[in-house]
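Reviewing the structure listed below.
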Amino acid sequence: MMQKLYKIRFELFFITQIVILFGSLLIPGALFEETIAPIAFLLNLIAGIILIFKRKEFFWFFLVLLVASSVIFGIAQANDGMPLFTSYMQFGIYFAFYLVVTLEIIKQVWYSATVDKKVIYGMISGFISLGLIGFFICMSIELSNPESFAGGLLHQQESQSHTLTEQLMYFSFITMMTIGYGDITPITPLAQKASILIGLIGQFYLVIITAVVVGKFINQKSSKNRS
């Protein structure tokens, strides 16, 4: 079973990421953030376990993260909310997960002999994972130092609890893609440094990883034409 799923590992990982990013377009904000999003993150964790299935040292590490995250999700559902300490644990789990899985995706893409749709899915998934890492960094900063970010719809977070996660997710990806609309701004020095880091990581990924994949694809097409 795992061997069959491993063949479509990048597709599974990509699909669960798309649900995390765009699920709120189809499902009302509060319901999505409190119930659907945590389930989507758990499914993404499972997809990550499939992705590193052949790396036994990471397999058990991810399995422990999945169990811990499932327990935290169950506690949050039972208590109709998540205490601050538990939130930090959850963010720590996902930060560790995306850090390791992104490095593994980059490694698999980097060492792939040929460029096919799996490699393309992997390359896109790696970029999305970096955006999610940026989101967890921003959320950790905001939770430990409230009002580190200002603007956008952040003023609504007291009346609509899901606003904070949606806005900081948006900020992370907009910053990483260097679009920079300026509607949300980092206020504290720590938030500003984090924003610089997120932007640099996004640019390094596009310049290095994308260039490597494109170069391999060009060489691949040239080899086919010569033969």
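The values are calculated or read from the model by the stated rules, or taken from the named source; none is laboratory data. Because the structure is a prediction, the values reported are computed rather than measured. Methodologically, a virtual Cβ is constructed for each residue, glycine included, from the backbone with ideal geometry; neighbour enumeration extends over all protein chains shown. Side chains included, ligands, DNA and RNA excluded: accessible areas come from the protein's heavy atoms. Shrake-Rupley method; radii C 1.70, N 1.55, O 1.52, S 1.80 Å.
Things worth noting here:
- Pairing each residue of the range 54-72 that is closer than 16 Å to LYS107 by Cβ with any residue that is modelled with pLDDT of 80 or more and assigned to a helix (DSSP H, G or I), provided the two are 6+ apart or on different chains, yields C-beta distances under 7 Å for ARG55/GLU104; PHE58/VAL100; PHE58/GLU104; PHE59/ILE49; PHE62/LEU45; PHE62/GLY48; PHE62/ILE49; PHE62/PHE97.
- Check on LYS56, basic (Lys, Arg) and either at pLDDT below 80 or in contact with a helix residue (DSSP H, G or I) (Cβ under 6 Å, 6 or more places away or on another chain) (or both): yes
- Any hit, the range 134-143, residues being hydroxyl-bearing (Ser, Thr, Tyr) and free of Cβ contacts under 8 Å to residues at least 40 places away in the same chain: no
- Yes/no for ILE196 being out of contact with any strand residue (DSSP E or B) (no Cβ under 7 Å at 6 or more places or on another chain), under 18 Å from PHE22 (Cα atoms), among the aliphatic types (A, V, I, L, M) and part of a helix (DSSP H, G or I): no
- Residues of the range 19-31 satisfying the condition of being under 30 Å from LYS117 (Cα atoms) and touching a residue at least 60 places away in the same chain (Cβ under 8 Å): ILE20, LEU21, SER24
- Qualifying residue in the range 131-150 (condition: charged (D, E, K, R), within 17 Å of THR16 (Cα to Cα) and either in contact with a helix residue (DSSP H, G or I) (Cβ under 6 Å, 6 or more places away or on another chain) or open to solvent by 40 Å² or more (accessible area, probe 1.4 Å) (or both)): no
- Scanning the range 40-61 for residues that are under 15 Å from the mean Cα position of the chain (by Cα) and open to solvent by less than 70 Å² (accessible area, probe 1.4 Å) gives ALA40, PHE41, LEU42, ASN44, LEU45, ALA47, GLY48, ILE49, LEU51.
- Residues located in the range 77-113, provided they are modelled with pLDDT of 85 or more and either closer than 24 Å to GLN220 by Cβ or outside any helix (DSSP H, G or I) (or both): GLU104, ILE105, ILE106, LYS107, GLN108, VAL109, TRP110, TYR111, SER112
- When HIS155 is tested against the conditions (1) on the phi > 0 side of the Ramachandran plot; (2) assigned to a helix (DSSP H, G or I), the lone failure is (1).
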